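The values are calculated or read from the model by the stated rules, or taken from the named source; none is laboratory data. All of these numbers come straight from a predicted model, not from anything done at the bench. So basically every Cβ, Gly included, is an ideal-geometry build from the backbone, and we count neighbours across all protein chains shown.
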Amino acid sequence: MSATAQKKAPMPMDIRARKGGEPLVSLTAYTTPMAQMMDAHCDFVLVGDSVGMVLHGQPSTLGVTMEMMILHGQAVARGLNSAMMVVDMPFGSYEESKEQAFRNGARLMAKTGAGAVKLEGGVEMAETIAFLVKRGVPVMAHVGLTPQSINTLGGYKVQGRDADAERVVADAKAVADAGAFAVVLEKVPEGLSDRITAEVEIPTIGIGASAGCDGQILVLDDMLGLFTAFKAKFVKRFAELGITAEEAIAQYAADVKTRKFPGPEHVFADVLPKKDA
Ligand code: KIV
């Protein structure tokens with residue numbers, strides 16, 4: 001093996017061991033090129049079911065299927081070397097029974113090479129999480145705002161304000177006790193996120209939570225400014241690639257119409273230059 005051997009991708013237990021240490025870095029990815037760009041910078045990459053809204057124009061994550069997650073998981077896997085890949089279990093693929101959850105979790109891992117799956121839910125999913133973990137499917141949990149439940153939660157609201165706070169704490173503790181190796185806290189108030197981070201033994205991964213979480217995650221297309229249908233308060237745009245892309249497309253259209261494109265450097269000569277005798 002060469003001295004410059006590539007860094008090995010962490011395993012769920014390595015992510016778990018980062019509790020209280022340097023913050024874990026994570027983004028979502030859905031394609032090979034984007035996975036390649038983030039590989040060296042992220043500890044883990046999530047193939048999120050946000051893919052339905054971000055890439056497929058769906059109105060929520062509810063229409064995402066196992067086939068979509070497998071296809072995008074396989075694409076992302078081709079772009080990763082040193083980051084662990086986690087794949088989201090889509091709505092309807094795990095809630096019915098722990099056996100259904102195992103069947104689909106195992107299928108996602110086998111088909112994509114993911115190191116773990118992520119599923120939404122707290123106390124009500126604890127038994128399922130324990131069943132999966134005991135059978136070789138590492139689970140990242142997701143509590144607070146769980147977008148697959150918007151119809152019962154009443155929309156994309158902050159979770160855990162006032163009387164609701166103890167429910168979110170109980171959810172985070174239940175998934176940790178069940179054996180999840182990390183838990184995503186989405187749209188949970190800052191103080192409550194800090195309390196959960198202090199009280200649970202697994203890393204908390206914040207999205208709209210607190211800088212005090214053990215790690216952070218954002219949807220890639222949100223932070224690059226590529227997804228512009230709406231912007232949640234918790235999104236920081238680190239670039240405005242949507243604007244840059246639209247400007248480039250407009251310039252292309254103008255160049256085609258004025259015959260500036262293609263230029264001489266983009267076309268092929270009819271006759272090849274003669275070689276010296
Ligand atoms: O689907 C997704 O992208 C997610 C993250 C926002 C945590 O679940």
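Residue count for segment 17-53 satisfying the condition of being buried (at least 20 other Cβ atoms within 10 Å of the Cβ) and either of a type in the set (S, T, N, Q) or under 19 Å from Val117 (Cβ atoms) (or both): 18. Kindly indicate whether Val168 is β-branched (Val, Ile, Thr), touching a helix residue (DSSP H, G or I) at 6+ places or on another chain (Cβ under 6 Å) and buried (at least 21 other Cβ atoms within 10 Å of the Cβ). Considered against the rule, which asks whether it is β-branched (Val, Ile, Thr), touching a helix residue (DSSP H, G or I) at 6+ places or on another chain (Cβ under 6 Å) and buried (at least 21 other Cβ atoms within 10 Å of the Cβ), Val168 comes out as no.
Check whether at least one residue in segment 149-157 is among the β-branched types (Val, Ile, Thr) and free of Cβ contacts under 8 Å to residues at least 24 places away in the same chain, and report yes or no.
yes
Please specify each residue of segment 197-211 satisfying the condition of being of a type outside the set (A, V, I, L, M), on the phi < 0 side of the Ramachandran plot and either under 17 Å from the mean Cα position of the chain (by Cα) or surrounded by 15 or more Cβ atoms within 10 Å (Cβ to Cβ) (or both).
Restricting attention to segment 197-211, the residues satisfying the condition of being of a type outside the set (A, V, I, L, M) are 197, 199, 201, 203-204, 206, 208, 210.
So of that shortlist, the ones also on the phi < 0 side of the Ramachandran plot come out as 197, 199, 201, 203-204, 206, 210.
Residues satisfying the conditions are Thr197, Pro203, Thr204, Gly206, Ser210.
Among the listed residues Lys260, Lys231, Lys236, which satisfies the condition of being at pLDDT below 95, assigned to a loop (DSSP other than H, G, I, E, B) and among the charged types (D, E, K, R)?
Lys231
Within segment 253-275, is there a residue that is away from the ligand (no atom under 16 Å from the Cβ), surrounded by 12 or more Cβ atoms within 10 Å (Cβ to Cβ) and within 25 Å of the chain's Cα centre (by Cα)? Lay out the reasoning, then the answer.
Residues of segment 253-275 that are away from the ligand (no atom under 16 Å from the Cβ), as a first pass: 253-275.
After this cut, where a residue has to be surrounded by 12 or more Cβ atoms within 10 Å (Cβ to Cβ) as well, the list is 255, 261.
Remaining after also requiring within 25 Å of the chain's Cα centre (by Cα): none.
No, segment 253-275 has no match at all.
Does segment 55-75 hold any residues that are among the β-branched types (Val, Ile, Thr) and crowded, with 20+ Cβ neighbours inside 10 Å, and which are they? Across segment 55-75, the qualifying residues are Thr61, Val64.
Kindly indicate whether Leu220 is within 14 Å of the ligand (Cβ to nearest atom), in contact with a helix residue (DSSP H, G or I) (Cβ under 9 Å, 6 or more places away or on another chain), within 11 Å of His142 (Cα to Cα) and at pLDDT 95 or above. It would help to see each step written out before you state the result.
Values: within 14 Å of the ligand (Cβ to nearest atom): yes; in contact with a helix residue (DSSP H, G or I) (Cβ under 9 Å, 6 or more places away or on another chain): yes; within 11 Å of His142 (Cα to Cα): no; at pLDDT 95 or above: yes.
In short, no.
May I ask you to say which residue of Asp194, Asp214 is in contact (Cβ under 8 Å) with a residue 12 or more places away in the chain, surrounded by 15 or more Cβ atoms within 10 Å (Cβ to Cβ) and out of contact with any Lys or Arg (no Cβ under 9 Å at 6 or more places or on another chain)? After applying the criteria, what remains is Asp194.
Taking the criterion of being closer than 16 Å to Met223 by Cα and within 14 Å of the ligand (Cβ to nearest atom), the residues of segment 38-59 that qualify are Met38, Cys42, Val45, Leu46, Val47, Gly48, Ser50, Val51, Met53, Val54, Leu55.
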